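Before any comments, here is the structure.
The values are calculated or read from the model by the stated rules, or taken from the named source; none is laboratory data. As the structure is a prediction and not an experimental result, all values here were calculated from the model. Heads up, the Cβs are rebuilt from the backbone with ideal geometry, glycines too, and the neighbour counts pull from every protein chain shown. Protein only, heavy atoms only, side chains kept; ligands, DNA and RNA dropped before computing areas. Shrake-Rupley method; radii C 1.70, N 1.55, O 1.52, S 1.80 Å.
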Amino acid sequence: MDQVQVHVYSWTITLILFVISLILLKANKPKPQKIFHMILRLFYIITLLTGIGLVFSYGFSNGAALIKGALAIILLFLMETILVKSRDSEKVAIWWIVFIIDIVLVFYYGYVVLPG
């Protein structure tokens, strides 16, 4: 399994854990939600480390890789912010809008710009 596959798998698991954590939060299941949220935080780190490894492999002179990396870090921040603010019953609509824009850009850079 190459480095890109590991990164894609870690992102996939991260997004799945994010959705599960949100579902548990909305279902008012605080204990399982907290467990999934902690596992999600572990996958933030795994995803971040595999992403940093990819940026190193692309080289720091590759601007697209640096932009994708920055957008991905912002995406991880947005996921955490949405979960925490939702748990605290704060408004998250603007965070969701930024999340959707950011995830589209991350996928665009990851699957359109960088492979070519």
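Go through region 89-116 and give me each residue that's within 16 Å of residue 63 (Cα to Cα), assigned to a helix (DSSP H, G or I), open to solvent by less than 60 Å² (accessible area, probe 1.4 Å) and not hydroxyl-bearing (Ser, Thr, Tyr). Passing the criteria: 106, 110, 113. Could we say that residue 23 is within 15 Å of the chain's Cα centre (by Cα) and assigned to a helix (DSSP H, G or I) here? No.
With the requirement that a residue be among the aliphatic types (A, V, I, L, M), exposed (fewer than 14 other Cβ atoms within 10 Å of the Cβ) and touching a Leu at 6+ places or on another chain (Cβ under 9 Å), what does region 17-34 give you? Walk me through how you get there before you give the answer.
Just the residues of region 17-34 that are among the aliphatic types (A, V, I, L, M), to begin with: 17, 19-20, 22-25, 27.
Now drop any that are not exposed (fewer than 14 other Cβ atoms within 10 Å of the Cβ), which leaves 19, 23, 27.
Of everything in region 17-34, nothing turns out to be among the aliphatic types (A, V, I, L, M), exposed (fewer than 14 other Cβ atoms within 10 Å of the Cβ) and touching a Leu at 6+ places or on another chain (Cβ under 9 Å).
Among all positions in region 56-70, there is no residue which is modelled with pLDDT of 95 or more, part of a helix (DSSP H, G or I) and open to solvent by 70 Å² or more (accessible area, probe 1.4 Å).
In region 72-88, what count of residues is obtained for those that are open to solvent by 30 Å² or more (accessible area, probe 1.4 Å) and either in contact with a Cys (Cβ under 8 Å, 6 or more places away or on another chain) or touching a residue at least 24 places away in the same chain (Cβ under 8 Å) (or both)?
Let us first name the residues in region 72-88 that are open to solvent by 30 Å² or more (accessible area, probe 1.4 Å), namely 73-74, 77, 80, 84-85, 87-88.
Then keep just the ones that are either in contact with a Cys (Cβ under 8 Å, 6 or more places away or on another chain) or touching a residue at least 24 places away in the same chain (Cβ under 8 Å) (or both); that gives 73-74, 80, 87.
Selection size over region 72-88: 4.
Pairs are defined by a Cβ separation below 9 Å, a sequence spacing of at least 6 or placement on different chains, a first member in region 40-57 that is more than 21 Å from residue 25 (Cβ to Cβ), and a second member that is open to solvent by less than 40 Å² (accessible area, probe 1.4 Å) and not in a helix (DSSP H, G or I); the pairs so defined are 54/114.
Could you tell me whether residue 38 is open to solvent by 70 Å² or more (accessible area, probe 1.4 Å) and either in contact with a strand residue (DSSP E or B) (Cβ under 9 Å, 6 or more places away or on another chain) or not in a helix (DSSP H, G or I) (or both)? Break it down into steps so the answer makes sense when it comes.
Working: open to solvent by 70 Å² or more (accessible area, probe 1.4 Å): yes; either in contact with a strand residue (DSSP E or B) (Cβ under 9 Å, 6 or more places away or on another chain) or not in a helix (DSSP H, G or I) (or both): no.
So residue 38 fails the test.
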